[in-house]
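One structure is given below, encoded as structure tokens.
All of the numbers you see were taken from the coordinates with simple rules; none came from a lab. Because the structure is predicted, anything quoted here is derived from the model rather than measured. Ideal geometry is used to build each Cβ from the backbone, glycine not excepted, and the neighbour counts take in all protein chains shown.
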Amino acid sequence: MTSLSGAAVLVAEMVALLLAVTFGVTLLQSRLGDETIRRWMGGPPRRAALKGIAVGFVTPFCTYSAIPVLVGMRQAGVRPAGYAAFIFAAPVVDPVLVGALAIIIGPAGAAVYVTTAFAAAFTLALIVDKVDIAPHLKPVPALVGQPAPPVRPTVPQIPSPPVSCSSPEEALWAGWQTESRAAWRRALALLRSMAWLIAVGVGLGLAIGLLVPTDALASIAGADNPLAVPAAAAAGVPLYFGTELFIPIGDALHAKGVGTGSIVALVIAGAGANIPEFALLTKIARGRVVAAFFAYVFVVATVAGLLTDLIL
């Protein structure tokens, strides 16, 4: 993202994905109900974590467009192991990213990366499930009705008469046309609440992209730097790289003398943790959780880069 046209494309992409994913998640949640989603994503912590990773892998989105899915999981009452595994896996275990890695470093190297990222997401999800993370999360924007009760329900309460306060379980499916209009309104409401965050994040990312040329990145992550891989991962965090740009960016940096491991670390960090995503994550989580998430992506990117240099 190094031009106004690139920033405009990114904004359009973020808005389109946010609307589409929120609309789809809201419609699915209305149709199935929270109880069904909790049952599908539930089970013991390990099983819930595996389900979350599976959903994260088959969801080919960056973190900013995975946020509506995360909001839906939290509202449905999915246990922490499930939604934590999802958000940990979504940005770093992406089918497009894995395919690009297979082309650049070979299937064996891509398999090592997937195994490492899987183990990291699985382990951290179990840790999140053990600790009390609730105080560090912000109330989720309601996609359907009101937020669901905790995973371990207490004595059920008698539902209130007003229809506007009914829970998703109590509400009847009103038909595709009615529910689609309601889902679209929810999607627009979520977009309005996050629009300024998108603008700030993209603006900062554009400024950094314009001020940090490719030559500067090459000097930071060049082969003569013994800390090239972690330096490349750190440099990638403020930037934004869509996974579909992995190979073109890699070719440009490689021509400047940047090592393959550093390129892998730079692009994974840029795709999985960047300023636009940081801005959106602050909407649903407090500072410590956001910082921990970025540290996780940084570590995964660094390990992937080091493994690449080790294998090649």
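Each residue of the range 281-291 was assigned a 3J(HN,Hα) from its phi angle through the Karplus expression (A = 6.51, B = -1.76, C = 1.60, θ = phi - 60°), giving 5, 5, 6, 10, 9, 7, x, 5, 5, 4, 5 Hz with x at Gly and Pro. Ordered by the number of other Cβ atoms lying within 10 Å of each residue's own Cβ, fewest first, Y296, Y83 fall into the sequence Y296, Y83. Each peptide among 185-191, 277-283 gets the average number of other Cβ atoms lying within 10 Å of its residues, and from highest to lowest they stand as 277-283, 185-191. Students often get this wrong: which residues of the range 277-312 have the backbone nitrogen under 15 Å from the point 7 angstrom along Cα-to-C-beta of A108? Only 307-312 pass the distance filter.
Model label sites at V96 and L28, defined 7 Å from Cα along the beta-carbon direction, differ in position by 1.8 nm. Applying 0.36 nm per residue to the separation of A255 and R192 and subtracting their alpha-carbon distance, the gain on full extension is 18.5 nm. A straight chain from K138 to E13 at 0.36 nm per residue would run longer than the Cα-Cα distance by 42.4 nm.
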